[in-house]
Amino acid sequence: MNHLVIEAMTEAGLTADALAAETGVDPKTAARWANPGRIPQTRHRAQVARLLGREITELWPDVLKRREPVWFRPWAAHEREAVSLRWFELAWVPGLLQTEAYARATLAGEDLTPGEVDDLVAGRLARQAILHRDRPPLLVAIVDELALRRTAGSDRAMMREQCEHLVACAAMPSVQLHIVPASAGMHPGYGGAFILAGLPDGSRIAHIDGQGQAQIVEQRAELATLERRWARISGEALPRAQSLALLTEAAAAWT
């Protein structure tokens, strides 16, 4: 058992049922937070720590454990220091906005052991902590509607939860979420996903996904190309209010 969590719950006079009621999760989920290695999802972590009167890293030290692949760590470092992130995704929900179940679904079928999947998912969820800092980066995410209409097998509940999570994320002051509707047809985003990061010194850097290892882009000419592509994709995306309406509709469609 995670004795620190149990001790904090006792001192705060809170049971798993009480934590569940305060955070809006299932009581069984709240009870698992007292088990070793079980950490609340990012959107609940700060709330639970506040209710228990402890620091997040005091209750769950593994939050800071480096679990992302070695080849991804240079980008993860840039992501942590970025003041802005402009993220386009064609086929997936952006990693910083994924639920645990969705993150696991993206790894289905890969040549990975259960332990490796656990580490990759934990690393991805831990990265989401940057959105909950006192001064989070501004995340502007553009997602193609196709990503909201595709599920893993018949797991409709997983997609409903993910779409509802996106609705919640869209309400965060530091997150702007836009959807490119299917009615836009082909658009420049079909060339693939990418992220443009603005760093504290005013410089820019980019991340481009690939079937193997991803690529970090620093050359001015390539950055300029991605900037132009971003501008064209943005022109196809719906405004925030219309994007939120589409997200809400998508969540209801998975019921």
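Nearest 10 degrees, 0 to 90: what angle lies between the long axis of helix 220-236 and the longest principal axis of the chain (Cα atoms)?
80
Would you mind checking which residues have amide H under 5 Å from ASP155's amide H? H placed 1.01 Å from N; only 5 or more apart, or other chain.
The list, which skips near neighbours in sequence, is empty: none.
Sum -39500 (n - 2.57) across every DSSP H segment of at least 4 residues in the chain, then divide by the residue count to get the 222 nm mean residue ellipticity, nearest 500.
Taking each H run of at least 4 residues, the total per residue is -13500 deg cm²/dmol.
Give, in nm to one decimal, the length gained when the segment between GLU55 and ARG156 is fully stretched (0.36 nm per residue of separation minus the Cα-Cα distance).
32.9 nm
Which order, highest average first, do 192-199, 96-103 follow once you tally other Cβ atoms within 10 Å for each residue and take the mean per peptide?
Top of the packing list down: 96-103, 192-199.
What shape does segment 156-255 have by the C-alpha gyration tensor, where a ≥ b ≥ c are the square roots of the eigenvalues, rounded means a/c under 1.5, and otherwise prolate means a/b greater than b/c and oblate the rest?
Here segment 156-255 falls in the prolate category.
Compute the angle between helix 114-127 and the longest alpha-carbon principal axis of the chain, please, reported from 0 to 90 degrees and rounded to the nearest 10.
That helix lies at roughly 80 degrees to the long axis.
Could you check the simple spin-label distance between VAL83 and ALA182, using points 7 Å along Cα→Cβ, in nm with one decimal?
4.1
Please report, as a whole percent, how much of the solvent-accessible surface of the chain comes from carbon and sulfur atoms (probe radius 1.4 Å).
53
How charged is the neighbourhood of ALA101? Take every other residue with its Cβ under 10 Å from the Cβ of ALA101, and add Lys/Arg as +1 and Asp/Glu as -1.
It works out to a net charge of -2.
What is the local net charge at ALA30, summed over the other residues whose Cβ is closer than 11 Å to its Cβ (Lys, Arg +1; Asp, Glu -1)?
Charge balance in the 11 Å sphere: 0.
How much area per residue is accessible in the chain when the probe is 1.4 Å and only protein heavy atoms are counted (Å²)?
Spelled out: the 1.4 Å probe surface of the chain, per residue, equals 51 Å².
Under 9 Å from the Cβ of GLY189, count the other residues' Cβ atoms, weight Lys and Arg +1, Asp and Glu -1, and hand me the total.
-1
Sort out for me the Cα centre separation of segment 131-149 from segment 1-41, rounded to whole Å.
Distance between centres, Cα-based: 28 Å.
Find how many whole Å separate the alpha carbon centroid of segment 101-117 from the alpha carbon centroid of segment 153-222.
Value for the Cα centre distance between the two parts: 20 Å.
Any idea what the relative contact order of the chain is, in percent, if you count C-alpha pairs under 8 Å spaced at least 6 apart?
20
For segment 239-253, just list the computed ³J(HN,Hα) in residue order, Karplus coefficients 6.51, -1.76 and 1.60, θ = phi - 60°, integers in Hz, with x standing in for Gly and Pro.
x, 4, 5, 5, 5, 5, 5, 5, 4, 4, 5, 5, 4, 5, 5
Can you tell me the dipole magnitude for segment 190-241 around its Cα centre, using point charges on the Cβ only (Lys, Arg +1; Asp, Glu -1), in Debye to the nearest 20?
Around 180 debye, computed over segment 190-241.
Nearest 10 degrees, 0 to 90: what angle lies between the long axis of helix 156-170 and the longest principal axis of the chain (Cα atoms)?
That works out to roughly 80 degrees.
How much of the DSSP beta bridge set in the chain is antiparallel, as a percent to the nearest 5?
50
The values are calculated or read from the model by the stated rules, or taken from the named source; none is laboratory data. Fair warning: this is a prediction, and the values are worked out from it, not measured in the lab. Reconstructed Cβ throughout: ideal geometry from the backbone, glycine too, with neighbour counts over all protein chains shown. Just so you know, the surface numbers come from the protein's heavy atoms only, side chains and all, with ligands and any DNA or RNA stripped out. Shrake-Rupley method; radii C 1.70, N 1.55, O 1.52, S 1.80 Å.
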